[in-house]
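Presented below is the structure to which this report refers.
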Amino acid sequence: MHPLFKKAPAGSLAILGFHNITPTFSQPTISPDFPKRFRRLCRLVRQRYDVVTISDGVKKLADGEAIKRPMVAFIFDDGYADTANCVMPIMVDEGLVGTSYVIVNALEDGILPWYEELGRLIYRMKSGPLTFDMKGTTLSFEIPEGLEARFDVFWQCTREMKKHFDADTHALVKKLQGEHQVKADDEEARQMMMTPDQAKSLLKAGFEVGCHSWTHPILPTLDEAALDREIIASKPHLEALIGHQVTSFCYPNGDNDERCLARAKSGGYDCAVSMTCGANLHPDFLRYRLKRAAISEEITGIWPYKSIYHIHAALASEPLR
């Protein structure tokens, strides 16, 4: 048994958080070996853990069931099409299930999240300066030559835009694309995000489909009406799209505050996932701030140290120090 998979107690739920396992605009350099390595992870996990959906795992923890083995839930944020056409076939083949957290406007209309549009901008524009204003702050980045060299710049820009996020962020990125002559190919974007029919195929395979908000904003920055729409109104709309009850929520970027927590409860969700790293233990787990281990999308020959650390913290039920 791999040393990462030895210590978790029976009454625990570890959540392994992914986004996509094939390239996207924001992650064009993902290794072609990632799907193979993901399959290997699935095989390692199933040797010692019961793999469950989020809602099933939370129910078992809450009910205090006599759980013979610790539980693991695989989650896939945002609703990328590869969850249906790449992840699902691997997991079904291995006898496993997962939970897909979809962005409602991406599922319904193929609208890319703002950070994917930012990836399309940074990885496809000509090298040179990228300067723009957000909420009275001027942000400036130098875009180097070459795809690999732009990786750090993309994440620096993403972090800054999150700090200054507002309702116009998506429109700003689209405006910058036009200024830097980056073509917006709607068909290419449509193929990147899951469709309602693909979400339904996940449900038929035993997967859970949960809500990841209406548009993937930074929730704590929103006013009360916008929070209601993103957390509460998104639930029945998603249920209508997929023809199935939605029982769990995942905070975009993991960002939440007490207002978000209150809406997840009052909006009819049974639980919600945060970005805090660690395991969820019976009986003292936070139903509306479930912990997870965020897994790097750049898994190549060896997991990056940060990913190994996070997996160990969750599966071994140890706090991240």
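Any residue in the range 93-107 that is outside the structural domain of Gly254 (by TED's automatic domain parsing) and among the hydroxyl-bearing types (Ser, Thr, Tyr)?
no
From the residues in the range 23-80 that are assigned to a strand (DSSP E or B) and in contact with a Leu (Cβ under 6 Å, 6 or more places away or on another chain), which one is surrounded by the most Cβ atoms within 10 Å (Cβ to Cβ)?
Phe74
Being aromatic (Phe, Trp, Tyr) and either outside the structural domain of Ser55 (by TED's automatic domain parsing) or more than 23 Å from Thr158 (Cα to Cα) (or both), is that true of even one residue in the range 203-211?
Yes - at least one qualifying residue is present in the range 203-211.
Filter the range 265-308 for residues that are of a type in the set (Ser, Thr, Tyr) and either at pLDDT 90 or above or within 18 Å of Phe76 (Cα to Cα) (or both) and give the result.
Within the range 265-308, Ser266, Tyr269, Ser274, Thr276, Tyr288, Ser296, Ser307 meet the criteria.
Hey, does the range 174-183 have a residue that's modelled with pLDDT of 95 or more, assigned by TED's automatic domain parsing to the domain that holds Asp82 and of a type in the set (Lys, Arg)?
Scanning the range 174-183 turns up no residue that is modelled with pLDDT of 95 or more, assigned by TED's automatic domain parsing to the domain that holds Asp82 and of a type in the set (Lys, Arg).
In the range 218-251, which residue that is surrounded by fewer than 16 Cβ atoms within 10 Å (Cβ to Cβ) and touching an Asp or Glu at 6+ places or on another chain (Cβ under 8 Å) is farthest from Arg289 (Cα to Cα)?
If we take residues in the range 218-251 being surrounded by fewer than 16 Cβ atoms within 10 Å (Cβ to Cβ) and touching an Asp or Glu at 6+ places or on another chain (Cβ under 8 Å), then Gln245 is farthest from Arg289 (Cα to Cα).
Of these, Val97, Val87, which one is part of a helix (DSSP H, G or I) and either surrounded by 12 or more Cβ atoms within 10 Å (Cβ to Cβ) or on the phi < 0 side of the Ramachandran plot (or both)?
Of the residues listed, the single one that is part of a helix (DSSP H, G or I) and either surrounded by 12 or more Cβ atoms within 10 Å (Cβ to Cβ) or on the phi < 0 side of the Ramachandran plot (or both) is Val87.
Each row is one residue, and each column tells you yes or no for (1) touching a residue at least 60 places away in the same chain (Cβ under 8 Å); (2) under 22 Å from Gly210 (Cα atoms); (3) not assigned by TED's automatic domain parsing to the domain that holds Pro89.
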{"site": "Gly11", "(1), (2), (3)": "yes, no, no"}
{"site": "Ile15", "(1), (2), (3)": "yes, yes, no"}
{"site": "Phe18", "(1), (2), (3)": "yes, yes, no"}
{"site": "Phe25", "(1), (2), (3)": "yes, no, no"}
{"site": "Thr29", "(1), (2), (3)": "yes, no, no"}
{"site": "Arg37", "(1), (2), (3)": "yes, no, no"}
{"site": "Arg48", "(1), (2), (3)": "no, no, no"}
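Given the conditions (1) out of contact with any Phe, Trp or Tyr (no Cβ under 7 Å at 6 or more places or on another chain); (2) assigned by TED's automatic domain parsing to the domain that holds Leu96; (3) part of a helix (DSSP H, G or I), and given that Met161 satisfies all but one, which numbered condition is not satisfied?
So Met161 meets the others, but not (2).
A quick yes/no check of all residues on (1) in contact (Cβ under 8 Å) with a residue 40 or more places away in the chain; (2) buried (at least 19 other Cβ atoms within 10 Å of the Cβ):
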residue: Val92; (1), (2): yes, no
residue: Asp109; (1), (2): no, no
residue: Tyr115; (1), (2): yes, yes
residue: Phe141; (1), (2): no, no
residue: Gly146; (1), (2): no, no
residue: Asp152; (1), (2): no, no
residue: Lys163; (1), (2): no, no
residue: Thr169; (1), (2): yes, yes
residue: Leu172; (1), (2): yes, no
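Would you check if Leu203 is surrounded by fewer than 19 Cβ atoms within 10 Å (Cβ to Cβ), within 28 Å of Ile242 (Cβ to Cβ) and of a type in the set (A, V, I, L, M)?
Working: surrounded by fewer than 19 Cβ atoms within 10 Å (Cβ to Cβ): yes; within 28 Å of Ile242 (Cβ to Cβ): yes; of a type in the set (A, V, I, L, M): yes.
It is true that Leu203 is surrounded by fewer than 19 Cβ atoms within 10 Å (Cβ to Cβ), within 28 Å of Ile242 (Cβ to Cβ) and of a type in the set (A, V, I, L, M).
The values are calculated or read from the model by the stated rules, or taken from the named source; none is laboratory data. Just so you know, these numbers come straight off a predicted model, no measurement behind them. So basically every Cβ, Gly included, is an ideal-geometry build from the backbone, and we count neighbours across all protein chains shown.
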